[in-house]
Amino acid sequence: MHVQPGALHAGASTSVRAHSFSWTVVVPGVTFNPNMTRHSLTCLAALILVVSAAAPAQKPPQQAVTQAVLAGTLVDVRSGQVRTHAYILIAGDRVQSIADSAPAGIPVTDLSAYTVLPGLIDAHGHILSNPTTQNFAEHLRTSIPQSTVWGVYNLRLWLDHGFTSVRDACEGPPDYPQFALRESVRRGIILGPRITAAGSCISIAGGHGDGAPFSPDLDLPRGKNVADTVDDIDHVVRRDIKYGADWIKLMATGGVMDPISDFHVQELSEAQMTEAVAVAHRAGKKVMAHAEGAVGIKAAVRAGVDSIEHGTMLDEEGAELMEQHHTWLVPTLYCFQHDMQTGLSKGRDPASFAKGQEIMAAQGPAFKLALAHHIRIVYGTDDADVDEAVSMEFGALVRGGLSTLGALQAATINAATMLGKDQDVGTLEPGRYADIIAVKGDPLADITVMEHVAFVMQGGRIIKDPAHPDRNPVIHIQ
Ligand SMILES: [Zn+2]
């Protein structure tokens, strides 16, 4: 399914849109319009009855059930209700229905000792990351083929931890290996979560996404992601879309991991971001904004971005704006917390670490403000060390004040809705992909059970199975 975010975007209320809504009904040979008399409307009603009697509603024939999963406890992430001893009936790669029993003669995967949930969605990953280093210059010594292989490795880890979908939140290489990985997963060439991908990390020169924060005498070529004017941004956004971006990523403020930018300040101008949103939405693409400082958050929200990433210094006015614009928030809380433990041990620049320490004080109050304004929260990890960190955001969200159900929704139905893919993923309702995970224990009582996903199925294919631990083993490097 493809949404047109421009048409759906927040700001215009339904009642406003209703004024410009016009209707016509076409029945073979006759066109009806709003100026018709009551008599002709009665005729229309009669005609519709005749037409529907003649052509009974055509439901697609239900596909035959090919397998079932028996859930000890099944969590409905939409309502928070649980159902015990439920059979998820699967036809091909999709859920056909939820039932109290399974038809005879089909294979049943017995997860009666587990709590079963929809496959998880990480909405802020950087697929190509090397988990062993936080040295900002490392990319100068890493070939793009090597980065791509890191991507293949990381994708397996996401799956192993129950994440059957991921949104890549921008990458450095100008030739977009993330799109190649997305297509390779889609075609089954490699194993990995379903990928939705942003293109380049669009940034001003010297900003958070400027990949060359080095001495001026090096005179490195200007990155293809660098945009200093409105015209520049037109070009960069169109380039990303040309080569396959699903999302556009904007650096609205400075950031933490690079050694030069200031996360307090706005970077891309509001005019640039407004232009980026216009170009992207016209093309049916969505826009995410890295935004930490309060001024840049507000400029990005006013510009109409679909999601704010981090939002670490959100203030009252910004929270009100996000609420009005229905902007999603992907807070990535754990990533910053994890960095405090890692310290300088992975070659991190001390200037970057000092920024990280400062931002920790702002993170908690900003997240509480977001919750008080009922801003919709989406799960995102943003951590290069997928194996270590990808499941830990659940605990961080709950410690930050979100309910356990809210944390589960952030990683399922909310993320799917933000991505415009809620007809495919995010719940275990009929028609969705059979992306199914299982954990021991009750995540609604103790969210940390999500850190130990025991079973993973993607599109009806078992990826991880406690009954067959030798199947699809994943290497965990240090
Ligand atoms: Zn990021």
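The values are calculated or read from the model by the stated rules, or taken from the named source; none is laboratory data. Everything quoted here is computed from the prediction, not taken from an experiment. All Cβ positions, glycine included, derive from the backbone under ideal geometry; neighbour counts span all protein chains shown.
Name the single residue that is surrounded by the fewest Cβ atoms within 10 Å (Cβ to Cβ) among those in the range 306-325 being within 16 Å of the ligand (Cβ to nearest atom) and acidic (Asp, Glu).
306
Among the residues of the range 132-182, what is the count of those that are at positive phi and away from the ligand (no atom under 16 Å from the Cβ)?
2
So, residue 352, is that one assigned to a loop (DSSP other than H, G, I, E, B), within 15 Å of the ligand (Cβ to nearest atom) and of a type in the set (Gly, Ala, Ser) or not?
In short, no.
Condition check: surrounded by fewer than 23 Cβ atoms within 10 Å (Cβ to Cβ), among the aliphatic types (A, V, I, L, M) and either modelled with pLDDT under 95 or assigned by TED's automatic domain parsing to the domain that holds residue 412 (or both). Does residue 166 satisfy that?
So residue 166 fails the test.
Tally up the residues in the range 200-216 that are buried (at least 22 other Cβ atoms within 10 Å of the Cβ) and among the hydroxyl-bearing types (Ser, Thr, Tyr), please.
Going through the range 200-216 one residue at a time, the tally reaches 2.
Six or more apart or on different chains, Cβ under 6 Å: which pairs go from a residue in the range 345-360 that's in the same structural domain as residue 396 (by TED's automatic domain parsing) to one that's of a type in the set (D, E, K, R)? Could you list them?
356/339
What tally of residues in the range 271-284 results from selecting those that are within 13 Å of residue 236 (Cβ to Cβ) and either within 16 Å of the ligand (Cβ to nearest atom) or in contact with an Asp or Glu (Cβ under 9 Å, 6 or more places away or on another chain) (or both)?
Counting residues in the range 271-284 that are within 13 Å of residue 236 (Cβ to Cβ) and either within 16 Å of the ligand (Cβ to nearest atom) or in contact with an Asp or Glu (Cβ under 9 Å, 6 or more places away or on another chain) (or both) gives 5.
List the number of the failed condition for residue 347; all other conditions in (1) within 16 Å of the ligand (Cβ to nearest atom); (2) modelled with pLDDT under 95; (3) closer than 22 Å to residue 154 by Cβ; (4) not basic (Lys, Arg) hold.
(1)
Of the residues in the range 249-266, how many are closer than 25 Å to residue 138 by Cα and either in a strand (DSSP E or B) or in contact with a Cys (Cβ under 8 Å, 6 or more places away or on another chain) (or both)?
4
Can you pull out every residue in the range 438-462 that is of a type outside the set (Phe, Trp, Tyr), in a strand (DSSP E or B) and either over 21 Å from the mean Cα position of the chain (by Cα) or in the same structural domain as residue 156 (by TED's automatic domain parsing) (or both)?
439, 454, 461, 462 - these are the residues of the range 438-462 that are of a type outside the set (Phe, Trp, Tyr), in a strand (DSSP E or B) and either over 21 Å from the mean Cα position of the chain (by Cα) or in the same structural domain as residue 156 (by TED's automatic domain parsing) (or both).
Hey, could you check the range 290-302 for residues that are among the aliphatic types (A, V, I, L, M) and touching a residue at least 40 places away in the same chain (Cβ under 8 Å) and say which is surrounded by the most Cβ atoms within 10 Å (Cβ to Cβ)?
Taking the candidates together, the pick is 300.
For residue 240, state whether it is surrounded by fewer than 23 Cβ atoms within 10 Å (Cβ to Cβ), in contact (Cβ under 8 Å) with a residue 24 or more places away in the chain and within 20 Å of residue 273 (Cα to Cα).
So residue 240 fails the test.
Any residue that is outside the structural domain of residue 332 (by TED's automatic domain parsing), not in a loop (DSSP other than H, G, I, E, B) and not polar (S, T, N, Q) - is there at least one of those in the range 403-418?
No: the range 403-418 contains no residue that is outside the structural domain of residue 332 (by TED's automatic domain parsing), not in a loop (DSSP other than H, G, I, E, B) and not polar (S, T, N, Q).
Test residue 191 against the stated conditions and say whether it is among the aliphatic types (A, V, I, L, M) and surrounded by fewer than 19 Cβ atoms within 10 Å (Cβ to Cβ).
yes
Considering only residues that are in contact (Cβ under 8 Å) with a residue 60 or more places away in the chain and within 16 Å of the ligand (Cβ to nearest atom), look in the range 326-338 and name the one that is farthest from residue 265 (Cα to Cα).
Applying the filter and picking the extreme gives 334.
Let's see how each residue does on (1) in contact (Cβ under 8 Å) with a residue 24 or more places away in the chain; (2) buried (at least 24 other Cβ atoms within 10 Å of the Cβ); (3) within 16 Å of the ligand (Cβ to nearest atom):
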{"residue": "365", "(1), (2), (3)": "no, no, no"}
{"residue": "368", "(1), (2), (3)": "yes, no, no"}
{"residue": "371", "(1), (2), (3)": "yes, no, no"}
{"residue": "376", "(1), (2), (3)": "yes, no, no"}
{"residue": "383", "(1), (2), (3)": "yes, yes, yes"}
{"residue": "387", "(1), (2), (3)": "yes, no, no"}
{"residue": "394", "(1), (2), (3)": "yes, yes, no"}
{"residue": "397", "(1), (2), (3)": "yes, yes, no"}
{"residue": "401", "(1), (2), (3)": "yes, no, no"}
